[in-house]
Amino acid sequence: MTRFAEVNPAALTPIQRTVYDALIAGPRGAVQGPFHVLLRSPELCARAQALGAFLRFDSALSPRLSELSILVTARFWTAQFEWYMHAKFAAEGGLSGEIIETIRLGHDPRGLMQADEIAVYDFAVATHERHGVEDAVYAAAHAQLGEAGVVDLVGLLGYYTMISMLLNCYEVPVPGGATPLA
C-alpha cells in the first residue's frame, strides 16, 4: 500500500514542471521514488534534489564510500526503495557484493572491508545508533576522508535519513515487485 500517486506530468503546476524538468535534465535523468512525493512541495523538492545531487555525485567521497553510507542509512531505516536503488549503485561504484549482502542481512561487514570502508561504516553506524561519534571513530574517519570528506559524510547521512523517512512515511514501494529488505 502506498500513500501517494506518482505525479502526472500533464497535470503539473508551472513550478512543479520546472522542478520535474530539472530532475530529468540532471544526473538522475528521471523522476522516481521520493521525488514523486517531494513534488507536492516543489520548493522543498528543488532544494532537496540540488543537495542530493551534490552529495551523491560531487561530494568529497568516492562513489564506493558515498554509496556505502547510503546503504547503512537505508538499512538503519529499512527504507525499501532506497535500498533497492542504491544496492545496485553501490556495486557499480565498486563496493563488493559480499559487503552489500552482509549489510542487507543486518550483519557486521567490517571483516570484509578496507580501512576507508570501515571508517565510513563505523561513523555511519555510530551516528545513526548513538546520534554522534566517539573521538576514535571521528579520528579514523578524519584520517581516511579528510576534513571535507567527514563534513560530506555527515551531510550524506542526514540527507538520506530525510529521504528514508519520506519513503517510509509515504510507503513508497520497491519497483516491479522486487524483493524488499527483511
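The values are calculated or read from the model by the stated rules, or taken from the named source; none is laboratory data. None of these values were measured; they are calculated from a predicted model. All Cβ positions, even for glycine, are placed from backbone atoms using ideal geometry, and neighbour counts span all protein chains on display. These area figures cover heavy atoms from the full protein model, side chains too; ligands, DNA and RNA do not enter into them. Shrake-Rupley method; radii C 1.70, N 1.55, O 1.52, S 1.80 Å.
Overview of values
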read-out: Residue among LEU51, LEU44, LEU55 that is of a type in the set (A, V, I, L, M), open to solvent by less than 30 Å² (accessible area, probe 1.4 Å), touching a helix residue (DSSP H, G or I) at 6+ places or on another chain (Cβ under 7 Å) and under 21 Å from LEU157 (Cβ atoms); value: LEU55
read-out: Candidates LEU166, LEU95, LEU156 - the one that is in a helix (DSSP H, G or I) and closer than 21 Å to PRO63 by Cα; value: LEU156
read-out: Leading residue by the ranking (nearest to the chain's Cα centre (by Cα)) among those in segment 1-37 that are hydroxyl-bearing (Ser, Thr, Tyr) and in a helix (DSSP H, G or I); value: TYR20
read-out: Given (1) within 30 Å of GLU171 (Cα to Cα); (2) acidic (Asp, Glu); (3) loosely packed, with under 12 Cβ neighbours inside 10 Å, index of the condition GLU147 fails; value: (1)
read-out: Any hit, segment 122-130, residues being of a type in the set (Gly, Ala, Ser), free of Cβ contacts under 8 Å to residues at least 24 places away in the same chain and open to solvent by 30 Å² or more (accessible area, probe 1.4 Å); value: no
read-out: Meets criteria (hydrophobic (A, V, I, L, M, F, W, C) and part of a helix (DSSP H, G or I)) for LEU71; value: yes
read-out: Filtered residues of segment 1-41 (kept if on the phi > 0 side of the Ramachandran plot and open to solvent by less than 20 Å² (accessible area, probe 1.4 Å)); value: GLY33
read-out: Residues (charged (D, E, K, R) and either crowded, with 19+ Cβ neighbours inside 10 Å or within 12 Å of TYR159 (Cβ to Cβ) (or both)) located in segment 58-80; value: ARG64, GLU67, ARG75
read-out: Residue in segment 158-172 that is over 22 Å from GLY106 (Cβ atoms), open to solvent by less than 20 Å² (accessible area, probe 1.4 Å) and in contact (Cβ under 8 Å) with a residue 12 or more places away in the chain present; value: yes
read-out: Which numbered condition HIS107 misses (of (1) under 26 Å from GLU171 (Cα atoms); (2) modelled with pLDDT of 95 or more; (3) assigned to a helix (DSSP H, G or I)); value: (3)
